[in-house]
Structures are given as structure tokens and as C-alpha cells.
Amino acid sequence: MMLFRATDTASPAALSAAAGMGRSDGDIRAELAAYKAGYEALARTALDLARGELEARVPATPGMRDFPQIEQTRNEFNQYLDMSDGFVREAGAALESAVHGQFERRFLDAGLRGVLSKQASNIDAVRGHLKENAEALAHIDEQRAVLASEFEREVLGMSNDVGASARALASTVETLQANTSNVVDRSEAARESMAHLANQSATMHEVIGLISAVAKQTRLLALNAMIEAARVGEAGKGFAVVADEVKQLSDQTSDASIQIAQQLGDSQATITQMGESLTRIDEGVGQMRTAVSELAARTVGTGAPGAGYAAAAEYGEQASGSVALTDLAGQLDAKVHEFLSALLAQN
Amino acid sequence: MKQNVTPTGVERVLAREDIIVTKTDLKGHLTYTNDIFLKISAVAEEDALGKAHNIIRHPDMPAGIYKLLWDTISQGNELFAYIKNLAFDGAHYWVLAHATPSFSKDGVHVGYHSMRRHATPEAIKKIEQVYSAMKASEGDLHGTARAQASLTWLEDELRRQQLSYSQWIWQIVDGQ
């Protein structure tokens, strides 16, 4: 190693040998002093280096110029320190730059030798990997942005569809509500007509009873007339014929009124059945109206638009009908826009 | 050492495998020079140590580059720059200088470090064009105004090319 070469040359044995070759004491003392000064400078530098002070360099020492080996060793030692110092600075700066995305800054290994040069290549390869990773990440970010954009388009589309469906539903429910109201009105009108019809039927029943009673009386009168006519003999013959005609007429009237009474009874039964049916229809319509009102409340609200998102969140349990589907659709649309803005801001 | 060396036009070339290393204190006075520096600068160590680093400035260099250099490293950052240096005997040599702040083992900022490498003829050719334009922008200005003028010229040029200084200098280092 370069460090020991100079020391070997400066060993006491070498000095003794030199002394034996006819050199003066002064020369030997001068050489010894030069080596001693060189050694002490080297020792001080070694101490600094051992403490981690990489700024340390071996300074020039007295007598160094007269003994080139001392100067050469000093230069080689400092050269090594310059290389390792440069290596440390390069490694730190190249990796720091890479971490900050400044990938153009390479690890310059010019001036480095041997292992230091090889390690410089290794570190530069790491820098290259960092660069590739950063590029891959950038690519992923781009893809994410594209996905986010597609997602945005689809979600916005769906949100719009939900809004449109809600509005269409609300419109349908409004029509349904109007129709239901119409059915209720008509059902009430039919009930009134039924009551009227039942009244008329009862009146007719009374009239027929009256006719029937008159027919019975007439028949009795006709029979009496026929008996009286038979008693007066030949003179009452013509009267008997009239009385018989009257009897037959009253019989026919009686038959007809019985028939009418029967028919009236049938139609009264039908009217009663119709009344029962109407009652059931009324009940059905009533339930339908309640259901439609509830549906309307859920879709178009109960006159309290935008009852609040908190209420919407609890809607499932509450079923209070205070939050409209159209409001929910509007809130969904707003939330979707808010979410997408946040998503795009992240990209 | 005389303060004003007249350039002789003699060019020296730093070998590809060699590096020049100098260290200065916080004021820019030389505290260490390696043997390559002494040889290429034609100066004895005892004549160099303690001198202000700017004694090796070549008059062809635009002042804006030194301003950029000091602005950058005094903020604790590194800077690469092509520099035409003046030897003590009037010769000159081109280098790719890497200047960095130096810290003691306790993290105290104690000075600056410059490691200089061989500059390729292609890089020198490109840099000379830029530097001569920068120099021209300095006109008759003096002092800080002079440095600011050429630095502004360079910044405008880089903005035009849409490059950071680092991207620009590394394009030249990489021979692009």
C-alpha cells in the first residue's frame, strides 16, 4: 500500500544503511526531521478522518520538497481523500436529485478509480431504477386520470338518468293522482244515482200495491154484479156479459201487477248488489288514493322541497313522505359533482 | 503572486482521468489545492493557499455564471458549470466544475468544494457560443449590474428553450 512505501523507506534500518554509506549526520538529521514532520501531519489527518471529518487533508510539511517520496505519499493520500470526498458528494447529490425528480443529474464517475468507480456505476444504476419507477408511476397516474374521466362520464350519465327517471316518475304519479281523484268523484256520483234509483223503485212498489188493491176490489165488484145479473134473469144477461169482461180485466190487471212486482223485486236485488259492489269499489279507491298520496309524497314531496339530506339518509326508516324522490335525485347529482371535483382535484 | 495575470492564449487540457480539487473557506479563500490544480495552474502551493478563488477567473467568462454559482452554493445547493480558468502564468484550461458547500463532521457549513473534470471539445464549443452571447449582454456594465445582465440573458434563453439550468447543463454534459 502506498502509505507504507514511504514509511518503509524512512525506517530506522534504511536510515542506518544510508548513514553507513557516508552521509553526514546533518543530512541524516534533516531527512529524519522531514519524515517526522510528514508522519505527524499524516497522523493528525488520520485522527480527523477517524472522527469522520472528511474535509481533512494532509498539509504540506517542512522539508517535504527535499524528499519527493514524502510529497508523493502525501499527494496520493490526498488524492484518495479527494476521490472518496467526491464519491460521497456525488452519491448524495445524484440520489437527492433523483428523489426530487431531477433525473438528468447523473452520477459522474470521471476521476474516480477502481472500486469507487464501480460503486459509482452501481449507484447510478439505482438512480436509473428510480427514474423508471417514477416514469411508471407517472404512467399509472395518467391511466388513473383516464379512468377517472371515464368514471366521471358514466357516473354523471347515471346521475342524469336517475334525475330524468325521477322526474318522469313524479309526472306519472301526478297523473295517477289526478285520475284517482276523478275515479273517486265518479264513484260518489254513481252512489248518488244508486240511492236515487232505490228511492224510485220503492215508490213504484207502492204504486203497484195500489193498482193491485184496486184490481182486487174491481174483481169483487164484478163477481157481485154477475150474481145480481143472474138473479134478474133474461133482462140481466147483457149486464152479466159486461160484468164478466170487467172481472177478466181485473184478473189481467192483477196478474200484470204481480208480474211487475216480481220484476221490480228482481231489479231491487240487482240495485242492492250494485250498491254493495260500489261500496267495495269505494273502499278500493280509498286505499288507492292513500297509496297514491304516499307515492306522490315520496316522488314529488309534500310541499316541502329539499327537506334536507339528513332526512333523506334516514328516509328508509321514516317513510314520513317529507322527502321527495326528485329532491333526492337533485341531491345525488350535486353529491356526484362534488365527488368528481374532489377526484379531479386529486389528479 | 501578481493580481492581474494577462492571458497568453496558451491552452492546457485537463486529462480525462484527472480531477482538480480545491477547497475554500466561507469567504472563498483557498484552503486546499490538489497537486493537479497546482500543476495546471502553474503555481506553488504556498502561493495559492489563502488567495481568493476568483484570481483564476478568466476575463472571457461572463460574470453571470459566477453569480449563479455563488447564489446556488451559498444556498446549500450544488452547481455544475463549464468554466474557463486562468492559470497563474496566463495560460487557460476548460473544466466541468462541480461546486458544493462543505460541512464539518458536526454539520457546520465551513466552506466550499470544487471538483473539476475534463471538458470535451464538443461541450466547450457549445458553451463558448452561449458565454460569448452572455458576455455581449454585459456591455459596459460593472459590478452586480454586469453579473445580473448576463445571468438574466441566460435565464431568458433557458425559458425560451423551456429547460431548467440543470436540464440544459446535463444535455451538454451528455453530449446531446
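Close amide H partners of B:Tyr32, meaning residues 5 or more places away or on another chain with modelled amide H under 5 Å apart, are B:Lys23. Just check the protein assembly as shown against the gyration tensor rule for me: Cα atoms, a ≥ b ≥ c as the square roots of the eigenvalues, rounded for a/c under 1.5, and otherwise prolate or oblate depending on whether a/b exceeds b/c. Verdict is prolate for the protein assembly as shown.
What FRET efficiency comes out for A:Asp141 versus A:Val184 if R0 is 60 angstrom and r is the Cβ-Cβ distance? Round to the nearest 0.05. E between A:Asp141 and A:Val184, to the nearest 0.05, is 0.45. Taking the Cα centre of segment A:231-276 as reference, the dipole from Cβ charges on Lys and Arg (+1) and Asp and Glu (-1) amounts to some 260 debye. Go ahead and collect, in residue order, the members of segment A:144-186 whose backbone nitrogen is under 20 Å from a label point 7 Å along the Cα-Cβ direction of A:Met288. Label zone hits: A:169-186. Using the charge dipole of the protein assembly as shown (Lys, Arg: +1 at Cβ; Asp, Glu: -1 at Cβ; taken about the Cα centre), state which of A:Ser293, B:Ile172, B:Ser41 has its Cα farthest towards the positive end. Result: B:Ser41.
Return a whole-number percent for the relative contact order of chain B, with Cα pairs under 8 Å and 6 or more residues apart as the contact set.
Details: 305 pairs, mean separation 43.6, N = 176.
It rounds to 25 percent for chain B.
Once you reduce segment B:123-148 and segment A:130-186 to the center of their Cα atoms, the two points are 61 Å from each other.
Across all Cα atoms of segment B:122-169, the radius of gyration (one decimal) and Dmax (whole number) stand at 11.2, 31 Å. Among A:Ala195, A:Ala50, A:Val126, which residue has its Cα positioned farthest towards the positive end of the charge dipole of chain A, with +1 placed on the Cβ of Lys and Arg, -1 on the Cβ of Asp and Glu, and the dipole taken about the Cα centre? Looking along the dipole axis, the top candidate is A:Ala50.
Could you list the square roots of 5 times each eigenvalue of the Cα gyration tensor of segment A:187-228, that is, the equivalent ellipsoid semi-axes, sorted largest first and rounded to whole Å?
Working: eigenvalues 333, 4, 3 Å².
Each semi-axis is the square root of five times an eigenvalue, giving 41, 4, 4 Å.
R0 = 30 Å: FRET efficiency of A:Asp266 with A:Ala230, Cβ-based, nearest 0.05? Between A:Asp266 and A:Ala230 the formula returns 0.10.
Could you tell me whether chain B comes out rounded, prolate or oblate from its Cα gyration tensor? Rule is a ≥ b ≥ c as square roots of the eigenvalues, rounded for a/c under 1.5, then prolate if a/b exceeds b/c, otherwise oblate. Cα axes put chain B in the rounded bin. When the P(r) is computed for segment A:29-159, the part past 20 Å accounts for 64% of the Cα-Cα pairs. With semi-axes defined as the square roots of five times the eigenvalues of the C-alpha gyration tensor, the equivalent ellipsoid of segment A:197-256 measures 33, 9, 5 Å, largest first.
Think of segment B:1-157 as a dipole: +1 on every Lys or Arg Cβ, -1 on every Asp or Glu Cβ, centred on the Cα centre; then among B:Ala87, B:Thr100, B:Gly139, B:Ala87 lies furthest on the positive end.
With r as the distance between the Cβ atoms of A:Leu344 and A:Lys131 and R0 = 30 Å, compute the FRET efficiency 1/(1 + (r/R0)^6) and round to 0.05. Don't skip to the answer; put the middle values down first.
Working: r = 28 Å, r/R0 = 0.92.
For A:Lys131 and A:Leu344, the calculated efficiency is 0.60.
Exposure proxy for B:His109, B:His98, A:His100, B:His118: other Cβ atoms within 10 Å of each Cβ, ordered fewest to most, give A:His100, B:His109, B:His118, B:His98. How large is log10 I(q)/I(0) at q = 0.19, 0.25 Å⁻¹ when the Debye formula is applied to the Cα atoms of segment B:30-86, each weighted equally and without solvent? Once normalised to I(0) and log-transformed, intensities are -0.80, -1.12.
Bear in mind that the values in this text are calculations on the coordinates, not laboratory data. Here the structure is a predicted model, which is why all the values come from computation and not from measurement. Reconstructed Cβ throughout: ideal geometry from the backbone, glycine too, with neighbour counts over all protein chains shown.
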